[in-house]
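The next block holds one structure in the form of structure tokens; read it before the comments.
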Amino acid sequence: MAVFVLIHGGGSTAWDWHLVAPLLQAAGHEVVAVDLPIEDVDARLEDYARAVTAAVGGDRNTIVVGHSLGGFTAPLVCQELHSTGLVYLSAMIPTPGETFGDWWTNTGHDHETIPDEPYFNLVPAELVKQATDRERDQQGAWMSGPWPGNHPDVPTLGILCRDDLFFPASFMRRHIRDRLGTEPVEIPGGHYATLSHPDAVAAALIDFAEQNCL
């Protein structure tokens with residue numbers, strides 16, 4: 001049994017995982033998902049990580065999963081918890097010392113063609129409404145500073161979503177190969193596959209846990 005520590009993306013909430021969590025629990029795992037203090041302009045990434053580790057509690061067999069901007073927080077949490085695995089789901093994968101702003105040009109994302117509404121394709125309309133009703137104002141002076149982390153030496157997985165319009169599949173294949181040196185696992189769904197294809201997200205996470213962390 002693993003404890004999946006689920007970290008949401010920018011401007012969002014732990015609610016993003018509400019369809020994935022019960023599928024992980026049904027497979028015998030535990031789930032911890034918290035709202036990061038993203039509306040606090042003074043909150044640092046270390047504060048984000050502290051909010052997560054406090055929710056997890058003591059020594060447990062954790063697998064940390066970061067979605068989108070959550071990729072900046074997930075490795076920090078993984079290190080603090082001495083986790084057995086790390087997953088980037090349609091996520092930004094930073095390098096040590098890289099700023100949030102530099103990530104876009106360093107990875108070549110600034111050359112991608114992104115539609116005006118790239119986030120919720122394939123998500124049912126009612127879930128889109130619920131998600132947008134929960135949107136928060138992403139703040140953070142930390143975005144202009146260097147990323148303070150390193151990639152922990154644990155089994156690590158990059159998942160790309162084949163229908164993602166914000167981080168297109170071709171971009172994410174290159175990003176995961178460049179930053180992790182591994183081949184991505186590909187699943188159906190857009191950027192919010194947690195809402196459009198929660199079964200595919202859960203299956204990929206469960207398989208990763210069984211193959212690498214249990």
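General observations
- Residues being out of contact with any helix residue (DSSP H, G or I) (no Cβ under 8 Å at 6 or more places or on another chain) and in a helix (DSSP H, G or I) - total across the range 70-82: 6
- Residue match in the range 146-158 (condition: of a type in the set (Val, Ile, Thr), in contact (Cβ under 8 Å) with a residue 24 or more places away in the chain and crowded, with 22+ Cβ neighbours inside 10 Å): yes
- Screening the range 170-208 for residues that are in contact with a helix residue (DSSP H, G or I) (Cβ under 9 Å, 6 or more places away or on another chain) and small (Gly, Ala, Ser) and picking the one that is surrounded by the most Cβ atoms within 10 Å (Cβ to Cβ) gives ALA193.
- Complete set of residues in the range 81-103 that are under 22 Å from ASP16 (Cβ atoms) and not aliphatic (A, V, I, L, M): SER83, GLY85, TYR88, SER90, PRO94, PHE100, TRP103
- One residue stands out among those in the range 19-71 that are acidic (Asp, Glu) and within 29 Å of TRP103 (Cα to Cα): the one that is nearest to the chain's Cα centre (by Cα), which is ASP35.
- For the range 136-195, filtered to residues that are of a type in the set (S, T, N, Q) and in a helix (DSSP H, G or I), the residue that is farthest from the chain's Cα centre (by Cα) is SER144.
- Single residue of VAL31, VAL65 found to be of a type in the set (A, V, I, L, M) and farther than 18 Å from MET172 by Cα: VAL31
Table: residues versus (1) within 18 Å of PRO152 (Cα to Cα); (2) surrounded by fewer than 19 Cβ atoms within 10 Å (Cβ to Cβ).
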| residue | (1), (2) |
| --- | --- |
| TRP15 | no, yes |
| VAL32 | no, no |
| ALA51 | no, yes |
| ASP59 | yes, yes |
| CYS78 | yes, no |
| SER83 | yes, no |
| TRP104 | no, yes |
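- Taking the range 2-13 as the range and being part of a loop (DSSP other than H, G, I, E, B) and either buried (at least 24 other Cβ atoms within 10 Å of the Cβ) or at negative phi (or both) as the test, the residues that pass are ALA2, HIS8, GLY9, GLY10, SER12, THR13.
- Selection count, the range 21-36, where residues are assigned to a strand (DSSP E or B) and either more than 21 Å from ALA49 (Cα to Cα) or among the small types (Gly, Ala, Ser) (or both): 1
- Lone unmet requirement of (1) under 22 Å from PRO118 (Cα atoms); (2) not in a strand (DSSP E or B) for VAL52: (1)
- Long-range neighbours under 7 Å by Cβ, at least six apart or interchain, first residue touching a residue at least 60 places away in the same chain (Cβ under 8 Å) within the range 54-71, second aromatic (Phe, Trp, Tyr): ILE63/PHE4; VAL65/PHE4
- Meets criteria (out of contact with any Gly (no Cβ under 9 Å at 6 or more places or on another chain) and within 19 Å of HIS8 (Cα to Cα)) for GLY189: yes
- Scanning the range 201-214 for residues that are over 19 Å from GLY70 (Cα atoms), in a helix (DSSP H, G or I) and of a type outside the set (D, E, K, R) gives ALA203, ILE206, ALA209, GLN211, ASN212.
- Residue among GLU126, GLU117, GLU98 that alone is closer than 21 Å to TYR192 by Cα, acidic (Asp, Glu) and in a loop (DSSP other than H, G, I, E, B): GLU117
Rule-based calculations on the coordinates, nothing more; no lab input. Worth saying up front: this structure is predicted, and the values here are computed from it rather than measured. No Cβ is skipped: glycine too gets one built from the backbone with ideal geometry, and neighbour counts run over all protein chains shown.
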